[in-house]
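Remarks on the structure that follows.
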Amino acid sequence: MSGERVLFLGDIVGEPGRTAVTTTLPSLIERHSPDLVIANGENVAGGLGITPRTADKLYAAGIDVLTTGNHVFRHREMYELLDSSDRIVRPANYLESNPGRGHIVVEKGGVRWGIVNLSGNVFMQAAHSPFHVADRILAQLRGDADYVFVDFHAEATSEKVAMGWHLDGRALAVVGTHTHVPTADGRVLPGGTAFISDVGMTGARGGVIGVRKEQILERFMTQMPVKFDTATEDVWIMAVLVETGEHGLARSIEQIMVPAEPA
Ligand SMILES: [Fe+2]
Ligand SMILES: [Fe+2]
């Protein structure tokens with residue numbers, strides 16, 4: 001088994017991000033013919049969190065699986081779906097008592113895709129070490145998944161690079177999310193795992209990591225509380241395309257960044 005392609009979209013931010021997925025994902029799918037489409041959905045509902053309605057819109061647009069991150073529990077109406085759905089994951093190293101699950105296996109086109117979501121612990125709060133939890137989940141998935149794709153939702157590039165090395169040779173891909181800023185270090189590591197520190201976001205480049213730039217600047221200039229709204233200018237899709245090789249590992253990782261097509 002090899003030669004499959006996975007398209008992964010960075011954090012989809014608010015309505016502009018959702019619309020970008022609706023208008024632009026079909027042509028990306030046509031151009032790259034991915035076997036699986038994954039996206040980070042932690043910011044789809046008003047810029048923070050996710051709801052059943054917004055998740056449905058993304059599934060309808062062609063996304064197979066959603067990963068999340070630190071904003072996942074923002075909307076209570078999502079908790080039941082997190083518990084019952086086998087198409088969405090939240091960080092696996094959160095408390096066991098939290099809603100949802102941290103890893104799933106999705107069967108598509110005769111391939112068993114293991115999807116793992118982890119949260120960083122540097123400048124963020126997670127109950128358990130992502131490194132130890134990753135070890136445990138990879139051991140569990142052995143034999144159950146043909147490929148394991150990891151979304152490491154983390155702030156610090158050091159922690160993300162370290163996770164890449166930790167899982168090199170044991171996962172198809174380790175991709176970073178959360179900062180909303182894409183990094184230029186995408187590569188297949190020597191052991192065969194595709195890695196990038198951060199995929200970036202599916203959202204407005206005309207703001208500050210998805211928020212209206214005027215409001216963020218006011219906050220920095222006045223150091224007073226400011227209400228934040230989702231930025232709408234210059235929306236792009238930032239993603240990576242990972243091609244599979246032998247033994248559950250990667251042949252290539254390619255960064256894809258395109259402006260959203262008009263609605
Ligand atoms: Fe995010
Ligand atoms: Fe985040």
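Residue-by-condition table, conditions (1) crowded, with 24+ Cβ neighbours inside 10 Å; (2) within 16 Å of ligand 1 (Cβ to nearest atom); (3) free of Cβ contacts under 8 Å to residues at least 40 places away in the same chain:
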residue	(1), (2), (3)
Arg142	no, no, yes
Asp146	no, no, no
Phe152	yes, yes, yes
Ala162	no, no, yes
Pro190	no, no, yes
Ala194	yes, no, no
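Against the condition farther than 19 Å from Ala39 by Cα, buried (at least 21 other Cβ atoms within 10 Å of the Cβ) and in contact with a strand residue (DSSP E or B) (Cβ under 6 Å, 6 or more places away or on another chain), how does Ala231 come out, does it pass?
Values: farther than 19 Å from Ala39 by Cα: yes; buried (at least 21 other Cβ atoms within 10 Å of the Cβ): yes; in contact with a strand residue (DSSP E or B) (Cβ under 6 Å, 6 or more places away or on another chain): yes.
Criteria met by Ala231.
Among the listed residues Val199, Val181, Val174, Val226, identify the single one that is of a type in the set (Val, Ile, Thr), more than 16 Å from ligand 1 (Cβ to nearest atom) and within 13 Å of the chain's Cα centre (by Cα). Working first, answer last.
On the way: Val199 fails: more than 16 Å from ligand 1 (Cβ to nearest atom); Val181 fails: more than 16 Å from ligand 1 (Cβ to nearest atom); Val226 fails: within 13 Å of the chain's Cα centre (by Cα).
Exactly one of Val199, Val181, Val174, Val226 is of a type in the set (Val, Ile, Thr), more than 16 Å from ligand 1 (Cβ to nearest atom) and within 13 Å of the chain's Cα centre (by Cα), namely Val174.
Test Gly100 against the stated conditions and say whether it is more than 16 Å from ligand 1 (Cβ to nearest atom), small (Gly, Ala, Ser) and part of a loop (DSSP other than H, G, I, E, B).
Numbers: more than 16 Å from ligand 1 (Cβ to nearest atom): yes; small (Gly, Ala, Ser): yes; part of a loop (DSSP other than H, G, I, E, B): yes.
The answer is yes for Gly100.
Just give me the residues in region 85-99 being surrounded by 15 or more Cβ atoms within 10 Å (Cβ to Cβ) and closer than 17 Å to Ile38 by Cα, in sequence order. Working first, answer last.
Applying the first criterion (surrounded by 15 or more Cβ atoms within 10 Å (Cβ to Cβ)) to region 85-99 yields 85, 87-94, 98-99.
Within region 85-99, Ser85, Arg87, Ile88, Val89, Arg90, Pro91, Ala92 meet the criteria.
State which residue pairs qualify: first residue at positive phi and inside region 48-65, second residue surrounded by 16 or more Cβ atoms within 10 Å (Cβ to Cβ) in any location, beta carbons under 6 Å apart, and separation of 6 or more residues or different chains.
Gly49/His71; Gly49/Arg74; Gly49/His75; Gly62/Leu25; Gly62/Val37
Counting just the residues of region 107-118 that are farther than 15 Å from Ile137 by Cβ and open to solvent by 20 Å² or more (accessible area, probe 1.4 Å), which one comes out modelled with the lowest pLDDT? If you could, list the steps in order and put the result at the bottom.
Within region 107-118, the first condition is being farther than 15 Å from Ile137 by Cβ, and the residues that meet it are 107-111.
Keeping just the survivors that are open to solvent by 20 Å² or more (accessible area, probe 1.4 Å) gives 107-110.
Details: Glu107: 98, Lys108: 97, Gly109: 93, Gly110: 96.
The selected residue is Gly109.
Among the residues of region 196-208 satisfying the criterion of being within 16 Å of ligand 2 (Cβ to nearest atom) and free of Cβ contacts under 8 Å to residues at least 40 places away in the same chain, which is most open to solvent (accessible area, probe 1.4 Å)?
Val208
Checking Glu246 against (1) surrounded by fewer than 13 Cβ atoms within 10 Å (Cβ to Cβ); (2) among the acidic types (Asp, Glu); (3) within 21 Å of the chain's Cα centre (by Cα), which single condition isn't satisfied?
The number of the failed condition is (3).
State whether the residues of region 255-263 include one that is outside any strand (DSSP E or B) and surrounded by 14 or more Cβ atoms within 10 Å (Cβ to Cβ).
Residues of region 255-263 outside any strand (DSSP E or B): 260-263.
Cutting the leftovers down to surrounded by 14 or more Cβ atoms within 10 Å (Cβ to Cβ) gives us 260-261.
Within region 255-263, one or more residues are outside any strand (DSSP E or B) and surrounded by 14 or more Cβ atoms within 10 Å (Cβ to Cβ).
Among residues belonging to region 208-234 that are of a type in the set (Ser, Thr, Tyr) and outside any loop (DSSP other than H, G, I, E, B), point out the one that is farthest from Gly49 (Cα to Cα). So that I can check it myself, show each step before the final result.
Residues of region 208-234 of a type in the set (Ser, Thr, Tyr): 222, 230, 232.
Cutting the leftovers down to outside any loop (DSSP other than H, G, I, E, B) gives us 222, 230.
Details: Thr222: 27, Thr230: 13 Å.
My answer is Thr222.
Given Thr193, Thr177, which one is away from ligand 2 (no atom under 14 Å from the Cβ) and of a type in the set (Ser, Thr, Tyr)? I'd like the intermediate steps shown before the answer.
Details: Thr177 fails: away from ligand 2 (no atom under 14 Å from the Cβ).
Going through Thr193, Thr177 in turn, the sole match is Thr193.
Would you call Leu66 within 15 Å of ligand 2 (Cβ to nearest atom) and not aromatic (Phe, Trp, Tyr)? Walk me through how you get there before you give the answer.
Numbers: within 15 Å of ligand 2 (Cβ to nearest atom): yes; not aromatic (Phe, Trp, Tyr): yes.
Against the criterion (within 15 Å of ligand 2 (Cβ to nearest atom) and not aromatic (Phe, Trp, Tyr)), Leu66 qualifies.
The values are calculated or read from the model by the stated rules, or taken from the named source; none is laboratory data. Just so it is clear, the structure is predicted and the values come from calculations on it, not from any experiment. Positions of Cβ are backbone-derived with ideal geometry, glycine not excepted, and every protein chain shown enters the neighbour counts. Accessible surface is based on the protein model in full, side chains and every heavy atom, while ligands, DNA and RNA are left aside. Shrake-Rupley method; radii C 1.70, N 1.55, O 1.52, S 1.80 Å.
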